[in-house]
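*Asks:* Dropping a structure here in structure tokens format, bear with me for questions.
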Amino acid sequence: MKNFSFRERLALLQKEIEKSASRAGQNPENIVLVVITKGVEVSRIREAWGAGIRVIGENRVQEAAEKFAVLSGQSDLEWHLIGHLQRNKVKVAIKFFDFIQSLDSWELAQEINRRAGEQGKIQDCLVEVNISGESQKYGLAPGQLNEFLSSMEILKNVRVQGLMAIGPLRENPEEVRPYFRQMRQMFTDCGRRANELREMRYLSLGMSADFRIAIEEGANMIRVGNFLFGERIQSDLASRVDNDQETG
Ligand SMILES: *Cc1c(COP(=O)(O)O)cnc(C)c1O
């Protein structure tokens, strides 16, 4: 089977984003694509940068720190942490992550606040919600969110910019829709009570398997790795790329 270049995959992804956005009555330009580069070597990240990608996500601090050190030529990259952050890694994480999407406990928030204060930084974060209630997942329970956001007001070096969630793994991505819908509702509710230290700007939902549904349900940030970097690309998508090329 044909190997698709990064640019071809990106073009295909952008078309899919446009389709979903138009179904949702959204402007596709308002949807932030976070390209997930965990496990992806630096040369391919450079290739993505060359294709115009400026926002990337990593799930491990150590791996990200090593890549950050060699990607200084791509200094306009915006780095997002998407994986669980241990408290003893906070100091390093704050040095280069522009966004911490995985703020998932009060203890972590306090540590981020302390370390960001030391470095003279206001750390942008998204609050991770465990929307599926699965015990192996990180994130606040939906019922804890309001109190958590209120308590953020005393942490002056943490700036909450929205919410993040990982949908439950389902063979049929349609089954993830009610969870995303619930996230959208919470996002809207929290937005009504937003202030300077917690603006509700971003709703980060959706990965390769379910970004279309996330966008349809109102996400304005998606996190896509496999679709762009994975070994295999679904055959229906592959045939669409071929058709596009044939018809110019
Ligand atoms: C890996 C990961 C993604 C991207 O998943 P793909 O299936 O590779 O698109 C998105 N969000 C989180 C939190 C991840 O860990």
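*Asks:* Given the DSSP H assignment, sum -39500 (n - 2.57) over each helix run of at least 4 residues in the chain and divide by its residue total; what's the result at 222 nm in deg cm²/dmol, nearest 500? It would help to have the intermediate numbers written out before the result.
*Replies:* On the way: 10 runs with 102 residues, N = 248.
So the calculated ellipticity at 222 nm is -12000 deg cm²/dmol.
*Asks:* Which value, in debye to the nearest 20, describes the size of the charge dipole of region 166-230 about its Cα centre when Lys and Arg Cβ atoms bear +1, Asp and Glu Cβ atoms bear -1, and nothing else is charged? Intermediate results must be reported in sequence, preceding the final value.
*Replies:* Values: 10 positive and 9 negative charges, 42 e Å.
Value, rounded to 20: 200 debye.
*Asks:* Starting at the first residue of region 130-138, write each ³J(HN,Hα) from the Karplus equation 6.51 cos²θ - 1.76 cosθ + 1.60 with θ = phi - 60°, in whole Hz, x for Gly and Pro.
*Replies:* Once θ is set to phi - 60°, the couplings for region 130-138 become 7, 6, 8, x, 6, 5, 7, 9, 8 Hz.
*Asks:* Sticking with this one: Rounded if a/c is under 1.5, else prolate if a/b is larger than b/c, else oblate: which is the chain, with a ≥ b ≥ c the root eigenvalues of its Cα gyration tensor?
*Replies:* It comes out oblate by the Cα gyration axes.
*Asks:* In region 20-175, with Lys and Arg counted as +1 and Asp and Glu as -1 at Cβ, which of these residues, VAL34, ILE45, GLY162, has the Cα nearest the positive end of the dipole, that is, farthest along it?
*Replies:* ILE45
*Asks:* For the chain, what number of Lys pairs, 8 or more residues apart or on separate chains, have alpha-carbon atoms under 19 Å from each other?
*Replies:* 13
*Asks:* Also: Quick query: amide H of MET200 versus all other amide H atoms, modeled in the peptide plane; which residues come in under 5 Å with a sequence gap of 5 or more or a different chain?
*Replies:* none
Bear in mind that the values in this text are calculations on the coordinates, not laboratory data. Predicted model, so just to flag it, every value in this text is computed and none were measured. Note that each Cβ is placed from the backbone with ideal geometry, even for glycine, and that neighbours are counted across all protein chains shown.
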